[in-house]
1. Looking only at strands (runs of 3 or more DSSP E) that fall completely inside the stretch 160-200, which ones have 3 or more residues that are within 14 Å of ligand 1 (Cβ to nearest atom) and at pLDDT below 95?
2. Every residue in the stretch 140-184 that is closer than 21 Å to residue 37 by Cβ, of a type in the set (A, V, I, L, M, F, W, C) and crowded, with 20+ Cβ neighbours inside 10 Å, please.
3. Within the bounds of the stretch 134-151, is there any residue that is of a type in the set (A, V, I, L, M), near ligand 1 (Cβ under 9 Å from one of its atoms) and within 13 Å of the chain's Cα centre (by Cα)?
4. If I ask for residues that are within 16 Å of ligand 2 (Cβ to nearest atom) and free of Cβ contacts under 8 Å to residues at least 60 places away in the same chain, which ones from the stretch 152-174 would you list?
Amino acid sequence: MTKLSVLGFDIFKEYLDADAQHEVLTAVRNVVQHAPLVQPITPRGQPMSVRMTAAGPFGWITDRKGYRYARLHPNGMRWPPIPAPILKIWQEVSGVSRIPECCLINFYGEGARMGLHQDKDEKSFEWPVVSVSLGDDGLFRMGGPARNDKTQSVWLTSGDVVVMRSTARMAHHGVDRIRFGSSALLSKGGRLNLTLRVVT
Ligand code: SIN
Ligand code: FE2
């Protein structure tokens with residue numbers, strides 16, 4: 001593992017070894033079996049290119065009614081609990097004793113991306129956001145609190161963990177593109193990103 005700090009983002013390269021990646025992947029597959037991935041629609045009516053689901057008391061959803069945390073999957077079911085191997089990562093890297101209330105699961109298939117945004121639907125920004133990447137490489141762009149602040153990009157690869165706290169907590173970030181098929185972890189290709197958040 002090597003640790004980088006880029007514009008206040010703490011990036012732990014190769015945080016999870018191959019066994020740990022498989023363990024987290026199995027846990028994610030279990031969640032997805034109970035809470036299927038859905039293609040969300042932005043409030044303006046545009047389908048997002050990533051597919052999403054979540055674990056924990058809250059999931060983050062978007063539809064014509066807006067961006068928000070919700071206690072129920074769009075299909076009306078509660079989200080499954082956050083699996084233990086994922087909670088363990090939070091406990092190791094977050095530096096806080098609160099437990100995350102949402103593990104958002106984003107799946108990037110071929111051509112999927114995520115535009116530059118801030119995570120700001122949570123009640124308080126004092127808690128970090130922890131991100132875990134699995135599968136194909138993703139080009140992660142990091143900026144600052146203002147949309148037009150200068151940015152820097154890093155390729156996140158399978159097993160990398162990013163912690164967004166203090167100045168980076170309100171910084172813009174996004175995923176410009178993935179290298180579809182670059183990792184063998186997911187046999188059909190694609191990238192999974194988990195973000196752990198305290199919501200209330
Ligand atoms: C996100 O900001 O929600 C996702 C970041 C990523 O996919 O690495
Ligand atoms: Fe985000």
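The values are calculated or read from the model by the stated rules, or taken from the named source; none is laboratory data. Everything numeric here is computed off the predicted structure, so don't read it as measured data. For neighbour counting, all protein chains shown are included, and Cβ atoms are generated from backbone atoms with ideal geometry for every residue, glycine included.
1. Details: elements: 161-164, 173-178, 191-197.
Qualifying strands (runs of 3 or more DSSP E): none found.
2. 140, 156, 175, 178
3. Of the stretch 134-151, the ones of a type in the set (A, V, I, L, M) are 134, 139, 142, 146.
Next cut, near ligand 1 (Cβ under 9 Å from one of its atoms) only: none.
Checking the stretch 134-151: not a single residue is of a type in the set (A, V, I, L, M), near ligand 1 (Cβ under 9 Å from one of its atoms) and within 13 Å of the chain's Cα centre (by Cα).
4. 153, 169, 170, 172
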